[in-house]
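Input: a single structure, listed below in structure tokens.
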Amino acid sequence: MSIDRTEWGVAEGYVREYGHFIDGTDEPSIGGERIERHNPASGELVASWPAGTITDVDRAVKAAVRAFEDGRWSGLTASQRSDVLGAVSRKLKSDWKRLALIESLETGKAISQSADEIPWSGDMWDFAAGQARALHGDSYSGFGESKLALVLREPIGPVGIITPWNYPMVVLAQKLPYALAAGCTVVVKPSEFTSGTTLELAQILREAGLPDGVFNVVTGYGNPVGQRLAEHHDIRLVSFTGSTATGRKVVEASASNMKKVVLELGGKNPNVIFADADLDAAVDGAIKAFVYNSGAECCSGSRVIVERSIMDSFVAKLDERLDTVSIGDPLDPATKMGSINNKPQYEKILKYIEIGKDEATLVRGGGASPQLGGLFIEPTVFKDVPLDATIAKEEIFGPVIAVIPFDSIDDAIHIANDTEYGLASSVWTSDLATATKMARKVNAGVVWVNTFLDLPSEIPVGGVRQSGYGRENGRYAAEEYTVVKTVVLQDPSAAPRYLV
Ligand code: NDP
């Protein structure tokens with residue numbers, strides 16, 4: 001049964017209408033056009049926001065530049081900034097229901113998952129609040145008694161943040177609080193499909209005491225809004241999460257003023273299961289790794305690489321356990337997997353499933369579930385997938401896995417690394433030597449052993465190869481938003497002379 005929407009903060013049938021958020025106020029777009037968002041699980045109109053223009057981006061950047069230069073945020077003490085971030089964290093942890101509902105209405109994801117994601121985001125704000133105070137530079141004193149060198153960490157300047165539709169609040173929480181902790185001001189462009197919670201957050205930030213102009217949101221399409229932000233001369237860093245193809249465009253656009261870029265891109269992540277693994281745990285992990293968030297997960301374990309000796313028992317158990325995954329109404333707390341987020345993504349996944357049918361053996365699923373009334377796709381399992389198959393190579397970003405056999409640990413390492421990506425990986429084994437070798441040899445930003453999508457705020461995440469660069473979360477995240485400045489202090493009475 002669905003949750004009571006009124007009790008969760010947004011009555012059934014209510015359509016939320018937003019403006020951009022610029023310099024502390026809600027503003028319409030200069031162009032006047034709007035984007036309507038329909039719930040992908042039901043088709044119901046749930047919200048609308050402006051289709052921003054270049055002029056809107058320029059206005060928001062101007063506000064962020066002004067707020068940066070007059071020091072209304074960067075000039076505060078770290079402890080004052082930390083207080084604001086902490087207040088946001090407390091709000092997200094205690095008052096999450098309305099945001100969780102909005103997240104599910106706009107993304108189609110299961111409400112049980114959204115109900116985790118908002119407090120999880122709050123935890124990142126909490127961690128970043130600590131980082132605001134922990135950020136520090138360095139000093140050198142080995143040059144004799146009359147000289148000292150200091151290494152300062154200063155905020156890099158106004159930052160652009162571009163986020164995707166799969167985790168609107170979580171991805172924002174991996175970036176925004178760290179940028180604010182460092183003293184930066186920000187312009188965010190959320191996905192055209194899921195801008196609601198980012199705009200709701202603006203109100204929370206205002207109530208928490210963030211000065212006007214420090215946080216700005218311009219909604220709209222990737223081009224022109226994201227493109228303009230990535231190109232803008234007054235933006236000093238762009239942090240982007242999304243596809244590798246768009247990431248490349250962001251890098252190209254950044255050349256306009258040589259701005260720094262932090263990229264969290266796609267993956268074709270290996271999930272390697274050895275014969276000595278706890279099979280129940282490995283099957284459960286493999287299911288979470290492609291069903292969670294309907295597979296729209298950059299760390300998704302989309303290549304399941306299984307030791308040949310257990311292949312049949314693994315696939316049989318996987319098939320059996322998938323019977324227990326409830327798919328359907330995202331607002332039913334019992335639902336594990338909701339709908340696909342948007343029509344282009346839905347069509348893309350179905351196209352890959354058809355390609356897979358020609359490349360490998362279909363074990364389960366294999367199509368849409370139109371009887372559920374929205375953009376639903378069955379969890380789909382392919383086995384005997386050749387290494388050069390399209391479904392073994394390309395990111396599908398849906399509930400589809402390619403199961404691939406291996407014969408030895410070296411074989412497993414070779415297959416795991418046979419990709420242009422390198423975001424995440426999982427290994428399931430009870431042998432420490434196997435775990436250690438895999439952890440050292442797999443090319444990925446993270447190696448999970450006997451667990452999946454285990455992301456406490458303390459640990460950094462990010463990719464290698466075409467999965468991007470730069471790190472989010474952990475102490476590294478706030479540092480990304482700083483520049484290092486060196487100061488050399490010389491006692492003038494002992495200053496070395498050039499012309500003597
Ligand atoms: P995109 O990479 O296009 O979208 C991510 C964000 O970038 C969105 O806010 C988008 O805007 C924006 N954007 C689009 N074009 C530009 C541009 N030229 N300059 C700056 N920003 C831009 O992903 P899609 O939504 O098109 O999804 C396509 C594929 O990307 C998926 O199938 C999946 O494979 C991958 N993906 C990976 C994600 C990850 O977490 N690594 C997340 C999402 C997608 P808008 O959408 O509003 O137009």
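Things worth noting here:
- DSSP-assigned coil residues among GluC sites (Glu not before Pro) in segment 399-499, each with at most 16 further Cβ atoms within 10 Å: GLU420, GLU458
- Space enclosed by the convex hull of the alpha-carbon atoms of segment 270-449, per residue, Å³: 107
- Here the contact order of segment 271-338, divided by its residue count and restricted to Cα pairs under 8 Å and six or more residues apart, works out to 35 percent.
- Rg and Dmax of segment 337-378, Cα atoms only, in Å: 10.5, 30
- Amide H partners (placed H, <5 Å) of VAL186, local residues excluded: VAL159, PHE215, ASN216
- Qualifying lysines (Cα of each under 20 Å from Cα of LYS147; at least 8 residues distant if same chain): LYS485
- In percent, rounded to a whole number, the relative contact order of the chain is 18, using alpha-carbon pairs under 8 Å and six or more apart.
- Sorting GLU145, GLU17, GLU307 by accessible area puts them as GLU145, GLU17, GLU307; the probe is 1.4 Å, largest comes first, and only protein heavy atoms count.
- Under-5 Å amide H pairs with PHE406, H placed in peptide plane, nonlocal only: VAL306, GLU307, ARG308
- Principal axis extents of the Cα atoms in segment 110-229, from largest to smallest and rounded to whole angstrom, are 62, 34, 25.
- DSSP bridge pairs, the chain: antiparallel proportion in percent, nearest 5: 40
- When only Cα pairs below 8 angstrom with a gap of at least 6 residues are kept, segment 270-449 shows a relative contact order of 28 percent.
- Ordering of 107-113, 343-349, 125-131 by burial proxy (mean other Cβ atoms within 10 Å per residue, highest first): 107-113, 125-131, 343-349
- Fully extending the segment from HIS136 to GLN371 would add 79.0 nm, taking 0.36 nm per residue of separation and subtracting the current Cα-Cα distance.
- Computed packing ranks the peptides 81-90, 368-377 as 81-90, 368-377, most packed first, by mean other Cβ atoms within 10 Å.
- Within the chain, helix-based [θ] at 222 nm, where runs of 4 or more DSSP H residues each add -39,500 (n - 2.57), nearest 500: -11000 deg cm²/dmol
- Taking the 1.4 Å solvent-accessible surface of the chain as the whole, the part contributed by carbon and sulfur is 51%.
- Between 0 and 90 degrees, the angle of helix 111-134 with respect to the longest Cα principal axis of the chain falls at about 30 degrees.
- When the alpha carbon gyration tensor of the chain is reduced to an equivalent ellipsoid, its three semi-axes come out at 40, 30, 19 angstrom, largest first.
- Crossing angle, helix 311-322 versus the chain [Cα axis fit, 0-90 degrees, rounded to tens]: 80
- The 1.4 Å probe gives accessible areas that order LYS268, LYS62, largest first, as LYS62, LYS268.
- Taking all protein chains together, HIS414, HIS136 sort by accessible area into HIS136, HIS414, largest first [probe 1.4 Å].
The values are calculated or read from the model by the stated rules, or taken from the named source; none is laboratory data. Values in this document were obtained by computation on a predicted structure and should not be read as measured data. Note that each Cβ is placed from the backbone with ideal geometry, even for glycine, and that neighbours are counted across all protein chains shown. Surface areas here come from the heavy atoms of the whole protein model, side chains and all, with no ligands, DNA or RNA. Shrake-Rupley method; radii C 1.70, N 1.55, O 1.52, S 1.80 Å.
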